[in-house]
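Structure, as structure tokens:
Derivation of every value follows stated rules applied to the coordinates shown; laboratory data play no part. Computed from a predicted model, the values in this text were never measured in an experiment. Note: ideal-geometry Cβ built from the backbone for every residue, glycine included; neighbour counts use all protein chains shown.
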Amino acid sequence: MNRRLLLMLALPLLALAACGPVTYTLPVEKLSGTSGNVNFQGTVPGIVTLVGHGDSDSALLSSLAVGMAERLEADLGLNGGSVPVYSMYAEEVDLGDRAAVEYLHAAAGVDFLVVADSLDVGEYTAEMPEEQVYAEGRFMRQTVVSLPYRMRIQVFDSREEAPVESWREDNVMEWTLLSDAPLTGLRAMDRVDDEAEESFRALGGTLAGKLVPQWETVNKTIYVYNDSKWTEACRLAWLFEWDKALEIWYGEADSPDTRKAACAAHNISVACEILEMDDLAAEWKARAEKLAGRE
């Protein structure tokens, strides 16, 4: 059922409240902030991995960096390949040296650098739980392979002295293999080893997701009167044409009917919040509360 049909079903209910408003709740997709202090808006970040000479895990770290770049490109609306990825030897870069960090910024040509370093990958372990899993129409044996890993992620802003974000990722990657007959631990670990680079690529995407705002669904309530202008404004809001709905509510905000003016002010506040006009949203919210207090 599409949004227009839902609205058509809901609007007849307004006839039950000819003398007053009814509330209408709209699900709205809204950007939520990140957990850190990173704001990539209007910039293209770069990815740098630091690996030691002869580090056997460098391929995993490179795959992780590619996954991070792909996620940032997708979430920031950038073309594929826009986020540069570099690999450097850890012995040649001192992240505690401001001059070295400035050199990295200049070499990458970006304001923000996401640096992944200090990767430490442990040893594979395999467990064979007694419980079987029903899959593909039959019961199958399962083998769980685990791989501990640890690394550091830092984000550097060319305008700041210290990293604007930093955390250590200390976790265990797990794979569950299903088979008709029990697998030996060695065979299970060999199978997983072939998938490790792709798994670290996916992990890179997950880690990069912590650095960008995510969309979340929030419910916003507006007031609607059994009046053609108000129902049209509600329809426009449902279609996410909030700027057009605003024009209607602005006209109703000067109504001599205090209650109607308060409802219009509330709706304007909601629209301004969704359109990220936070100062105006606060002003109209205060006005709505003031008008409501006069009823």
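Using alpha carbons only, how many degrees (0 to 90, rounded to 10) separate the axis of helix 228-238 from the longest principal axis of the chain?
0 degrees
Tell me, what ³J(HN,Hα) does each residue in segment 126-134 have, in order and in whole Hz, if you take phi through Karplus 6.51 cos²θ - 1.76 cosθ + 1.60 with θ = phi - 60° and put x for Gly and Pro?
10, 10, 10, x, 5, 5, 9, 10, 8
Which is farthest toward the positive dipole end of the chain among 52, 225, 89, measuring Cα position about the Cα centre, with Cβ charges +1 (Lys, Arg) and -1 (Asp, Glu)?
225
Tell me, what HN-Hα J-couplings in whole Hz come from the Karplus equation 6.51 cos²θ - 1.76 cosθ + 1.60 at θ = phi - 60° for each residue of segment 147-152, using x for Gly and Pro?
3J(HN,Hα) across segment 147-152, in whole Hz: 9, x, 8, 8, 7, 10.
How about residue 210: which lysines have a C-alpha closer than 25 Å to its C-alpha, ignoring those fewer than 8 places off in the same chain?
The qualifying lysines are 30.
For segment 233-295, what's the relative contact order in percent, using C-alpha pairs closer than 8 Å and at least 6 residues apart?
28 percent.
Expressed as an acute angle from 0 to 90° and rounded to the nearest 10, what is the orientation of the C-alpha long axis of helix 278-292 relative to the principal long axis of the chain?
Around 40 degrees separate the two axes.
Starting from the amide H of residue 173, placed 1.01 Å from N in the peptide plane, find each other amide H under 5 Å away whose residue is 5 or more places distant or on another chain.
Amide H neighbours of residue 173: 147, 149.
Quick query: amide H of residue 165 versus all other amide H atoms, modeled in the peptide plane; which residues come in under 5 Å with a sequence gap of 5 or more or a different chain?
Hits under the 5 Å cutoff: 155.
Counting Lys and Arg as +1 and Asp and Glu as -1, each charge on the Cβ, what is the dipole of segment 120-171 about the Cα centre in debye, to the nearest 20?
180 debye
In debye, nearest 20: dipole of the chain around its Cα centre with unit charges on the Cβ of K, R (+) and D, E (-)?
In debye, rounded to 20, the chain gives about 1720.
Using the Karplus curve 6.51 cos²θ - 1.76 cosθ + 1.60 with θ = phi - 60°, work out ³J(HN,Hα) for each residue of segment 50-67 in order, rounded to whole Hz, and write x for Gly and Pro.
Along segment 50-67, the couplings run 10, 10, x, 4, x, 5, 6, 9, 4, 5, 5, 5, 5, 5, 4, 5, 4, x Hz.
Sequence gap at least 6, Cα distance under 8 Å: using those rules, report the relative contact order of the chain to the nearest whole percent.
23 percent
With everything on Cα atoms, drop me the angle between helix 98-108 and the longest principal axis of the chain, reported from 0 to 90° to the nearest 10.
80 degrees
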